[in-house]
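Below you'll find the structure, written out as structure tokens, and then a few comments.
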Ligand code: AMP
Ligand code: MG
């Protein structure tokens, strides 16, 4: 986990709370009117009583509501001492300073009691929760202007490959556009990382090494794409071996077989993602995102999963777990998964607009249409 820092509420959006939050005081702090009307005593039901003052939001009535009197009250106003209920303006008859209240009045209506929402000492947020709109609103309501959160991981991102050209440039013969860097930039940012994009590294050991060593001066995590298969130009694995310890150099996963993971000095992590666009994003989901969440202190590391009914016959790969891309549609109370078409590891279209990844265990069985499987949700339909 990365160290924590104290940040202002506005900078805490999307961050992960590093410590539990207990309410320092009741919410609401005072009996607060829920309506516009009159603060009265229930014992005065059916009587015509005298208006003696007003309690507006932020401007409480200084006096007491004695028997036979009422204080005009506005939404958010403090229910004055002596009053035990609030009657809505629509339910009274007003003539000058005389107010006739209904014959049936129940004590304790139309206002929020102190501590009704949150009691002093209540545990309201726990460490590991992500701070979204409601959590930040609650923190502010309880009087916190700054929060202790985990630092965002600093990630250095680079593509490798002599065939790559920058997006927007026309590729020459044999060249292709570097798409992984933009896909991974988006995935990393969305996962909470601060990304330093280092461009395209050539398939040349010296140049690649210099770029990586420089990047690691400031980064917590290195993410590369390409250069991890076993071709002679695949330089990432030997480089990581020389800098630290490679723990994984190949996985039984489709797509994503050449996925590489290393630890480097000073607790830094390196992920060598495969070059094929779908492989790089699927291995990101399976390995990199949970690691980034761990670094940020998230209580839950995995994406949410939901049971879905397969709408197609899913063929399995003999010796590798397969993550197939699917769209989801509602059918009654169920979600039905349909394949996004060709699952080629170069075909980004299989992932564009996909709602989920479905895990197909290795073997020759596959999974028949109609079977309920657990899907890793990317976005709900
Ligand atoms: P590699 O892992 O370097 O052998 O690359 C495998 C395949 O992915 C090759 O067809 C590469 O051209 C392609 N590829 C590698 N890097 C990228 C990238 N940054 N953007 C798009 N395709 C890539
Ligand atoms: Mg390459």
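The values are calculated or read from the model by the stated rules, or taken from the named source; none is laboratory data. Just so it is clear, the model here is predicted, and its values are computed rather than measured. Counting neighbours? That spans all protein chains shown, and the Cβs are built from the backbone with ideal geometry, glycine included.
Look at residue 181 and say whether it is surrounded by 14 or more Cβ atoms within 10 Å (Cβ to Cβ), within 12 Å of ligand 1 (Cβ to nearest atom) and not in a strand (DSSP E or B). Judged against the criteria, residue 181 is a match.
If you go through the range 187-197 one residue at a time, do you hit one that is touching a strand residue (DSSP E or B) at 6+ places or on another chain (Cβ under 7 Å), away from ligand 2 (no atom under 16 Å from the Cβ), without any contact (Cβ under 8 Å) to a residue 40 or more places away in the chain and under 29 Å from residue 302 (Cα atoms)? Yes, the range 187-197 contains a residue that is touching a strand residue (DSSP E or B) at 6+ places or on another chain (Cβ under 7 Å), away from ligand 2 (no atom under 16 Å from the Cβ), without any contact (Cβ under 8 Å) to a residue 40 or more places away in the chain and under 29 Å from residue 302 (Cα atoms).
In the range 90-113 there is at least one residue matching the filter, namely being under 34 Å from the mean Cα position of the chain (by Cα), surrounded by 13 or more Cβ atoms within 10 Å (Cβ to Cβ) and under 30 Å from residue 49 (Cα atoms). Scanning the range 229-250 for residues that are at pLDDT 95 or above and either closer than 20 Å to residue 347 by Cα or away from ligand 1 (no atom under 15 Å from the Cβ) (or both) turns up 241, 242, 243, 244, 245, 246, 247, 248. Residues of the range 187-217 being within 13 Å of ligand 1 (Cβ to nearest atom), in contact with a helix residue (DSSP H, G or I) (Cβ under 8 Å, 6 or more places away or on another chain) and assigned to a loop (DSSP other than H, G, I, E, B), which ones? Scanning the range 187-217 gives a single hit, 202.
Of the residues making up the range 135-173, those that are touching a helix residue (DSSP H, G or I) at 6+ places or on another chain (Cβ under 8 Å) and buried (at least 21 other Cβ atoms within 10 Å of the Cβ) are 147, 150, 153, 155, 156, 157, 158, 159, 160.
Taken as a whole, the condition of being closer than 13 Å to residue 271 by Cα and either in contact (Cβ under 8 Å) with a residue 40 or more places away in the chain or near ligand 1 (Cβ under 9 Å from one of its atoms) (or both) applies to residue 225. Limited to the range 251-272, what total is found for residues that are surrounded by 24 or more Cβ atoms within 10 Å (Cβ to Cβ) and under 17 Å from residue 347 (Cβ atoms)? Of the residues in that region, 2 qualify.
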